[in-house]
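A.B. asks: Take this structure first; my questions come after.
The values are calculated or read from the model by the stated rules, or taken from the named source; none is laboratory data. As the structure is a computational prediction, the values presented were derived from the model and not from experiment. Positions of Cβ are generated from backbone atoms using ideal geometry, with glycine treated the same way; all protein chains shown enter the neighbour counts. Calculation scope for accessible area: heavy atoms of the full protein, side chains included, ligands and nucleic acids excluded. Shrake-Rupley method; radii C 1.70, N 1.55, O 1.52, S 1.80 Å.
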Amino acid sequence: MHRLLCASLLIATALAAEPDAARVSAAQDLLVASGAEAVHKASIIAGFEAGIGNARDSIPAHLRDAFDAGLAEVRQLLVEKVHFPSLKDDLAKIYAERFSAEDLRAMAEFYRSPVGQRLVGELPGVTVASMQLGTERTKALLPDIQRIMMQHINQAQANRSEEHTSELKS
């Protein structure tokens, strides 16, 4: 039993260990080669806009210019505060924890190839289009999502009401 506990502790310690410098360096190179900064910027803006959805349509016409100005300011805030350079080291660590230095170098080599460069050029647009598709599909499910959530809320309220009634009787 003691051996099993020691082995488990060693494995957990190894898994929690920081990735070595070679892996982190290879991961940072991968981020550069893959155009991760452009994809990140496109994703942040697309995610925000997907979250806003058709909110502009519900704004009274006389307030839409102010709404648009606010959106522009929020977009700029997102670009400035959730900017790639502030995330780069953490992102490199995420990759380094999951891939070997050899794998990371191979991925970077792919991204520097002609087809990899084509992917780098297209990936921001693909990412935005994918997010928009996901948003559209989710919007189509909103009535079902609302129905399911209301069923659960109503059931919880009914259960609570029954508990309250039985407490009063006792």
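A.B. asks: Among the listed residues Leu87, Leu104, Leu77, which satisfies the condition of being more than 14 Å from Leu31 (Cα to Cα) and of a type in the set (A, V, I, L, M, F, W, C)?
C.D. replies: Just a single option satisfies the conditions, and that option is Leu77.
A.B. asks: Could you check, for segment 162-169, whether at least one of its residues is within 23 Å of the chain's Cα centre (by Cα) and over 30 Å from Val24 (Cβ atoms)?
C.D. replies: There is no residue in segment 162-169 that is within 23 Å of the chain's Cα centre (by Cα) and over 30 Å from Val24 (Cβ atoms).
A.B. asks: Here's something else I'd like to know. So which of Gly70, Gly47 ends up being assigned to a helix (DSSP H, G or I), more than 30 Å from Glu18 (Cβ to Cβ) and either open to solvent by less than 70 Å² (accessible area, probe 1.4 Å) or of a type outside the set (Val, Ile, Thr) (or both)?
C.D. replies: Exactly one of Gly70, Gly47 is assigned to a helix (DSSP H, G or I), more than 30 Å from Glu18 (Cβ to Cβ) and either open to solvent by less than 70 Å² (accessible area, probe 1.4 Å) or of a type outside the set (Val, Ile, Thr) (or both), namely Gly70.
A.B. asks: Residue check: is Ile45 modelled with pLDDT under 95, over 29 Å from Val24 (Cα atoms) and not hydroxyl-bearing (Ser, Thr, Tyr)?
C.D. replies: no
A.B. asks: Check off (1) over 17 Å from the mean Cα position of the chain (by Cα); (2) in contact (Cβ under 8 Å) with a residue 24 or more places away in the chain for Pro114 and give me the number that stays unchecked.
C.D. replies: It fails just one condition, (2).
A.B. asks: Hey, among Leu63, Leu133, Leu91, which residue is open to solvent by less than 60 Å² (accessible area, probe 1.4 Å), part of a helix (DSSP H, G or I) and modelled with pLDDT of 85 or more?
C.D. replies: The match here is Leu91.
A.B. asks: What residue, among those in segment 25-35 that are within 12 Å of Leu91 (Cα to Cα) and either at pLDDT below 90 or of a type in the set (S, T, N, Q) (or both), is nearest to the chain's Cα centre (by Cα)?
C.D. replies: My answer is Gln28.
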